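What follows draws every value from the coordinates through simple rules; no lab data is involved. All values derive from a computational prediction rather than experimental measurement. Backbone-built Cβ (ideal geometry, glycine too); neighbour counts: all protein chains shown.
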Amino acid sequence: MSVQLRPLTYDDLSLMPDDGLRREIIGGELIVTPAPSPGHQRVLRSLFRLIDDHVQRTSMGEVFFAPVDVLLSRFNVVEPDLVYPSSERGRVADRAKGIEITPDLVVEVISPSSGGTDRVRKMALYASAGVAEYWIADPATRLLDLYALQGDDYVAIPSENDGSIASRVLAGFRVDPAAVFAVLD
Amino acid sequence: MNETRTFDAPGNSAPVLSRPVTYDDLSLMPDDGSRREVIGGELIVNPAPRRAHQEVSANLHWMLQQFLRASAAGRAYAHPVDLYIGPHDVVQPDLIAIRASRLDIYHAEGVVVEPPDIVVEIISPCSQRVDRVRKMALYARFGVPEYWVVDPEEQSIEVNVLEDGSYRAVQPEADSSIASRQFPGLQIDPAQVFAGV
């Protein structure tokens with residue numbers, strides 16, 4: 001008999017080797033993603049600087065970057081590129097397994113291999129977990145989409161006349177996609 | 001410069017869906033005999049099942065129905081029944097059983113909106129991963145108290161009981177029959193389920 005298939009949990013993840021691959025569990029299924037490309041990391045750095053700068057200045061909480069586990073439920077453990085739990089949710093303990101509260105904002109930078117997961121399964125997961133805002137940055141198309149949770153679903157936040165997009169979770173913060181992707185030139 | 005942008009190439013990546021599929025999307029799709037389900041926003045399409053699958057389904061449906069009707073304990077229904085777990089999670093189990101006092105969870109429009117008392121999936125080689133991993137996690141989250149996984153190839157019936165948010169497989173009785181916790185007195189003889197396979 002082959003190995004018994006069953007839904008995986010965080011406990012299973014902790015037994016897996018630390019080989020630099022990103023391992024996540026979505027709906028009990030193991031999703032393994034290779035280390036990201038330099039371009040992915042450039043866009044990520046650019047986003048982190050912008051968001052972290054705003055969050056620090058306004059003392060609204062803190063931004064974490066991958067790898068950090070976000071334990072959304074028993075069969076859903078993900079490692080988003082950026083995670084922001086607002087200060088209202090309390091401080092994440094230094095020695096915690098990961099982030100065990102629902103974050104207010106999650107950012108994923110798309111890789112060729114992760115696009116379908118980020119835009120479909122993770123989007124459905126974050127919506128059902130109640131993540132208020134979900135950003136998807138795609139280095140290939142240089143598109144940055146901000147989605148706000150409305151009821152059960154995400155609705156794209158329209159951009160302003162100058163091309164920037166106003167976050168609803170980060171009060172007073174507007175992000176300019178051109179500035180985010182300028183690091184790729 | 002080009003080197004740093006190799007990730008730009010669409011290359012061999014699979015076709016990318018642009019958003020999670022919902023129950024409303026399902027209703028717009030053609031009725032072509034394929035089973036269409038949405039799990040975590042992803043569309044899962046399965047072709048019509050093999051004959052062994054149908055023999056097992058018919059046998060088990062008949063046995064469940066016989067017990068549930070004779071005891072007035074509830075009803076069993078065979079695929080297709082939509083099980084609505086959430087906007088991005090809508091599945092069609094092979095069989096479900098609902099106790100008599102909760103039959104109203106099966107709406108007239110054909111949708112079940114709360115956990116059935118038993119969900120049965122009859123696995124095929126291509127559905128195994130979905131049935132044993134993603135659907136199992138989904139049914140656990142939804143709170144389905146008993147999840148039966150029937151394998152026509154191995155001729156096995158696994159009864160999984162929900163405990164603290166996870167399923168635990170229950171061992172068969174000494175005479176190899178299968179007993180349900182949800183419907184006391186319901187005993188299934190696997191030999192009868194796999195008759196004709």
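Straightening the chain between A:Ala93 and A:Asn161 buys 20.4 nm, computed as 0.36 nm per residue apart minus the Cα-Cα spacing.
For region B:97-197, applying the loop criterion from DSSP together with a ceiling of 14 other beta carbons within 10 Å to the GluC sites (Glu not before Pro) yields B:Glu109, B:Glu153, B:Glu154, B:Glu173. Mean per-residue shielding of peptide A:119-130 is 6, counting Cβ atoms of other chains within 10 Å of each Cβ.
Can you give the FRET efficiency to the nearest 0.05 for A:Ala35 and A:Val183, using r as the Cβ-Cβ distance and R₀ = 22 Å?
0.75
Counting Cβ atoms of other protein chains within 10 Å of each residue's Cβ and taking the mean over peptide B:85-98 gives 2.
By DSSP, the beta bridges lying fully in region A:36-173 are antiparallel in about 75 percent of cases.
Across region B:45-60, rounded Karplus estimates of 3J(HN,Hα) from the backbone phi angles (6.51 cos²θ - 1.76 cosθ + 1.60, θ = phi - 60°) give 10, 10, x, 3, x, 6, 5, 4, 4, 6, 4, 5, 4, 5, 4, 5 Hz, Gly and Pro being marked x. In this structure, B:Ala179 and B:Glu109 have a Cβ-Cβ separation that, at R0 = 30 Å, corresponds to a calculated FRET efficiency of about 0.35. For chain A, the alpha carbon convex hull comes to 127 Å³ per residue, rounded to a whole number.
In region A:133-174, whose amide N lies under 19 Å from the spot 7 Å out along Cα-to-Cβ of A:Arg45? List them in ranges. Counting backbone N atoms under 19 Å from the label point, the list is A:137-140, A:142. Computed over region B:14-86, the quotient of the alpha carbon radius of gyration and 2.2 N^0.38 Å is 1.43. Peptides A:28-36, B:45-53 ranked from most to least packed, by the mean per-residue count of other Cβ atoms within 10 Å: A:28-36, B:45-53.
For B:Ser156 and B:Ala48, compute 0.36 nm times the residue count separating them, minus their Cα-Cα distance, and round to one decimal in nm.
36.7 nm
Each Cα pair under 8 Å and six or more residues apart adds its separation to the average, and for region B:39-179 the resulting relative contact order is 17 percent. The alpha carbons of the protein assembly as shown give a radius of gyration and a Dmax of 23.4, 75 Å, in that order. Phi angles of region A:152-169 translate, via the Karplus equation with coefficients 6.51, -1.76, 1.60 and θ = phi - 60°, into HN-Hα couplings of 8, 10, 8, 10, 5, 7, x, 7, 7, 4, 7, x, 7, 10, 8, 5, 8, 6 Hz per residue; Gly and Pro are given as x.
Short-range pairs are left out: with C-alpha atoms under 8 Å and at least six residues apart, the relative contact order of chain A is 17 percent. Shielding by partners for peptide A:27-34, expressed as the average number of C-beta atoms from other protein chains within 10 Å of each residue's C-beta, is 4. In a simple Cβ point-charge model (Lys, Arg +1; Asp, Glu -1; nothing else charged), region B:103-197 has a dipole of about 340 debye relative to its Cα centre.
Simple rule: put +1 on each Lys or Arg Cβ and -1 on each Asp or Glu Cβ in the protein assembly as shown, find the dipole, and look at A:Thr102, B:Trp148, A:Pro34; the Cα lying farthest toward the positive end is A:Thr102. For region A:109-117, putting each phi into the Karplus relation 6.51 cos²θ - 1.76 cosθ + 1.60 with θ = phi - 60° gives couplings of 9, 6, 10, x, 7, 9, x, x, 5 Hz, in residue order, rounded to whole numbers and with x for Gly and Pro.
Take the Cα radius of gyration of region A:88-176 and divide it by 2.2 N^0.38 Å, N being the number of residues; the result is 1.15.
For region A:1-73, the pair-distance distribution built from all alpha carbon pairs, in bins 5 Å wide starting at 0, is 3, 12, 18, 18, 16, 14, 11, 4, 2, 1, 1, 0 percent.
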